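Bear in mind that the values in this text are calculations on the coordinates, not laboratory data. The model shown is predicted, which means the values in this text are computed figures rather than measured ones. Virtual Cβ from ideal backbone geometry, glycine too; neighbours counted across all protein chains shown.
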Amino acid sequence: MPERIHRVDITDRARIALRRMIDQHGAVLFHQSDERFGGSTPVCRPVREFRVGGADVLVGSLPWHTEFWMSGDQYELSKHAHLTVDVAYSGGTLDTSDGVRFTLRSRLLTDEEAAALAARPPPRTGADRLA
């Protein structure tokens, strides 16, 4: 069976940090805003405290139904990239006892990944959530 292709994945150590975040704060989501404002650090916020904008794009889901959203402009710049959520140790967008912050690594999609993703329906947007 072929491996399912995703736009976003997570490292094992980021998965552990994500689980801790969820245990401390409840359900969370990631949001990557415009590169000039956010750099490679996605915001991780409790779902109840973050409002997804109408132009935001759902890039994918991570473990525990954790959605990864991106601003529409940032998605246009990044739609040919595969993203991997990782952690860096130096404080974060949510306070964790182990002092981690999430970070993103990216690489270009392979031709096979790009073709598979292009064959799918377009990703959901924040406007779809409001409809």
Extension gain Arg4-Asp23, at 0.36 nm per residue separation less the Cα-Cα distance, in nm? 4.1 nm
Calculated FRET efficiency, Glu49 and Ala127, Cβ-Cβ r, R0 30 Å, to nearest 0.05? 0.90
State whether the range 8-117 is rounded, prolate or oblate according to the following rule on the C-alpha gyration tensor (a ≥ b ≥ c being the square roots of its eigenvalues): a/c under 1.5 gives rounded; otherwise a/b larger than b/c gives prolate, and the remaining case gives oblate. prolate
